[in-house]
1. Restricting attention to segment 87-96, and to residues there that are surrounded by fewer than 19 Cβ atoms within 10 Å (Cβ to Cβ) and touching a residue at least 60 places away in the same chain (Cβ under 8 Å), which single residue is nearest to residue 13 (Cα to Cα)?
2. Looking at 50, 27, 18, 82 in this structure, which one is over 24 Å from residue 119 (Cβ atoms), out of contact with any helix residue (DSSP H, G or I) (no Cβ under 7 Å at 6 or more places or on another chain) and not in a loop (DSSP other than H, G, I, E, B)?
3. So is residue 75 assigned to a helix (DSSP H, G or I), out of contact with any helix residue (DSSP H, G or I) (no Cβ under 7 Å at 6 or more places or on another chain), surrounded by fewer than 16 Cβ atoms within 10 Å (Cβ to Cβ) and touching a residue at least 24 places away in the same chain (Cβ under 8 Å) or not?
4. Going residue by residue through segment 116-124, is there one that turns out to be on the phi > 0 side of the Ramachandran plot and exposed (fewer than 12 other Cβ atoms within 10 Å of the Cβ)?
5. Would you say residue 109 is part of a helix (DSSP H, G or I), under 17 Å from residue 45 (Cβ atoms) and in contact with a strand residue (DSSP E or B) (Cβ under 8 Å, 6 or more places away or on another chain)?
6. Taking the condition surrounded by fewer than 16 Cβ atoms within 10 Å (Cβ to Cβ), in contact with a helix residue (DSSP H, G or I) (Cβ under 9 Å, 6 or more places away or on another chain), under 18 Å from residue 6 (Cβ atoms) and modelled with pLDDT of 95 or more, does residue 38 pass?
């Protein structure tokens with residue numbers, strides 16, 4: 001199961017594998033205070049894409065389409081496969097400092113991870 005938490009929320013036992021899904025380290029959070037298992041920058045939007053979206057140069061749909069294209073890069077694919085495997089055997093919590101997760105990269109990332117999990121469950125990808 002894939003869930004989302006803001007980095008400012010406390011860790012809980014049911015979180016499972018906790019992954020920071022932000023390219024930049026969250027403001028106001030010390031590295032020693034954030035409970036996480038992995039920081040996977042390769043599955044986050046590029047700086048250029050993030051800035052274009054934040055400056056409203058592109059809409060949410062365009063942001064998502066471009067982000068999905070970025071997730072096809074080999075480095076991102078490696079991380080996605082690894083995280084999908086974790087999520088297929090337990091809980092996976094995506095951590096981010098975003099204020100509005102519904103209009104961030106998180107829904108797009110969750111959708112791609114769920115697709116990878118389905119492929120794993122169908123036995124169509126290498127493990």
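The values are calculated or read from the model by the stated rules, or taken from the named source; none is laboratory data. No experiment lies behind these values; they were computed from the predicted model shown. Note that each Cβ is placed from the backbone with ideal geometry, even for glycine, and that neighbours are counted across all protein chains shown.
1. In the first step, residues of segment 87-96 are kept if they are surrounded by fewer than 19 Cβ atoms within 10 Å (Cβ to Cβ); the result is 88-91.
Filter once more, keeping what is touching a residue at least 60 places away in the same chain (Cβ under 8 Å): 90-91.
Values: 90: 12, 91: 10 Å.
Per the criteria, the residue is 91.
2. Of the residues listed, the single one that is over 24 Å from residue 119 (Cβ atoms), out of contact with any helix residue (DSSP H, G or I) (no Cβ under 7 Å at 6 or more places or on another chain) and not in a loop (DSSP other than H, G, I, E, B) is 50.
3. Values: assigned to a helix (DSSP H, G or I): yes; out of contact with any helix residue (DSSP H, G or I) (no Cβ under 7 Å at 6 or more places or on another chain): no; surrounded by fewer than 16 Cβ atoms within 10 Å (Cβ to Cβ): yes; touching a residue at least 24 places away in the same chain (Cβ under 8 Å): yes.
For residue 75, the condition - assigned to a helix (DSSP H, G or I), out of contact with any helix residue (DSSP H, G or I) (no Cβ under 7 Å at 6 or more places or on another chain), surrounded by fewer than 16 Cβ atoms within 10 Å (Cβ to Cβ) and touching a residue at least 24 places away in the same chain (Cβ under 8 Å) - is not met.
4. Residues of segment 116-124 that are on the phi > 0 side of the Ramachandran plot, as a first pass: 123.
From the residues that got through so far, the ones that are exposed (fewer than 12 other Cβ atoms within 10 Å of the Cβ) too are 123.
Yes: one or more hits.
5. Values: part of a helix (DSSP H, G or I): yes; under 17 Å from residue 45 (Cβ atoms): yes; in contact with a strand residue (DSSP E or B) (Cβ under 8 Å, 6 or more places away or on another chain): yes.
The answer is yes for residue 109.
6. Values: surrounded by fewer than 16 Cβ atoms within 10 Å (Cβ to Cβ): yes; in contact with a helix residue (DSSP H, G or I) (Cβ under 9 Å, 6 or more places away or on another chain): yes; under 18 Å from residue 6 (Cβ atoms): yes; modelled with pLDDT of 95 or more: yes.
For residue 38, the condition - surrounded by fewer than 16 Cβ atoms within 10 Å (Cβ to Cβ), in contact with a helix residue (DSSP H, G or I) (Cβ under 9 Å, 6 or more places away or on another chain), under 18 Å from residue 6 (Cβ atoms) and modelled with pLDDT of 95 or more - is met.
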